[in-house]
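The values are calculated or read from the model by the stated rules, or taken from the named source; none is laboratory data. Worth saying up front: this structure is predicted, and the values here are computed from it rather than measured. When we count neighbours, we look across all protein chains shown, and the Cβ atoms used for this are built from the backbone with ideal geometry, even at glycine. Accessible surface areas use protein heavy atoms only, side chains included; no ligands, DNA or RNA. Shrake-Rupley method; radii C 1.70, N 1.55, O 1.52, S 1.80 Å.
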Amino acid sequence: MGKYVLKSLLQVIPVLFIVSLIVFILVRVTGDPVALMLPETATAEDRAVLTQALGLDQPLYTQYVKFLGSALQGDFGQSFRYGQPALQLVLERLPASFELAVAAMFFAVLMAVPLGVASAVKRNTFTDLIISGISVIGKAMPNFWMGIMLILLFSVMWGVLPVSGRGGLSHLILPAFTLGIGLAAQMTRLIRSSMLEILSQDYIRTARSKGLGRMVVIGKHAFRNGLIPVVTIMSLQFTSLIGGTLITETVFSWPGLGQLLVVAVNTHDMAIVQAAVFVIALIVVVTNILTDVAYRLLDPRIKFD
């Protein structure tokens, strides 16, 4: 396992190099940074001074080498909107996004695991039909609509939960549930299909023929092996929750990375965009490595070779 982890960490280097090249190109094609940073009343002399200060008067390959060297030192530039280092702003918002993502994943697992297992065990029954219908509805509902409806119900009508912002546990419930409901619907269907496949295996029939109880067969023999595809979808969804909760964070004014990215894109604050993309890419790579390790822990038959 140690060799595999070390090999995977070494693969991070070319991945981040490619990400840096893509980010560098995208920032350059989105528009002239000087024109975006200066007001319309700026003179040609002002533009020339800022162009030289940013190093934009140099060849592209020289600009990229300097950009890569600065990025390796954690310097992605200064945010002209906030007047602070871009990486510092991203790291300050990251804990809020992690908090929301973990809470949403907790809600999703709490709902999906019992529903998915029950749907598989009660296959083709009324229970299975109800759970499958709820899953389809949950997956079809847009996050922004769900968030608005929850605010109207729990904040405006009943007044039991805050409308927006980040504070205590009460502030976390609505946005986490909004994000978790769609993920729970997807995980429920995945757990159902995975469990149905496992329950039809020969070793499950053997375990039953030995007189093992139903709960032992399902919980000890079937459920653990059925978790592998669930771990996959959880890792993919967790990384998307970190950087992709734009709408939910905007609806609930949650001060996370998603809301910061929305403001940065709208104001063309490319330093923040660069830093955020790098951080998200690094999180994705590390999460994939941890997912591979989890596969081995869940199923010893899986080899790292």
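Annotations
- For the chain, the carbon plus sulfur part of the accessible surface works out to 68%, probe radius 1.4 Å.
- Within the stretch 1-87, all pairs of alpha-carbon atoms sorted by distance into 5 Å bins from zero give the percentages 3, 11, 17, 22, 17, 11, 7, 5, 3, 2, 1, 1, 0.
- From the coordinates shown, Cα Rg over 2.2 N^0.38 Å corresponds to which of (i) 1.05; (ii) 1.25; (iii) 0.92: (ii)
- Choice from Leu100, Leu161, Leu261 showing the highest fluctuation, given a GNM over the chain with Cα pairs closer than 10 Å: Leu161
- Cα centre as origin, Lys/Arg/Asp/Glu Cβ charges: the stretch 10-101 dipole, Debye: 220 debye
- The chain, helix-only ellipticity at 222 nm - DSSP H runs n ≥ 4, -39,500 (n - 2.57), divided by all residues, nearest 500: -24500 deg cm²/dmol
- Per residue, the stretch 1-87 exposes 68 Å² of solvent-accessible protein surface, assessed with a 1.4 angstrom probe and all protein chains in place.
- Ordering of 279-288, 10-19 by burial proxy (mean other Cβ atoms within 10 Å per residue, highest first): 279-288, 10-19
- The chain, dipole about Cα centre (Lys/Arg Cβ +1, Asp/Glu Cβ -1), debye to the nearest 20: 1820 debye
- Length added when fully stretched, Ser209-Asn266, from 0.36 nm per residue minus Cα-Cα: 14.2 nm
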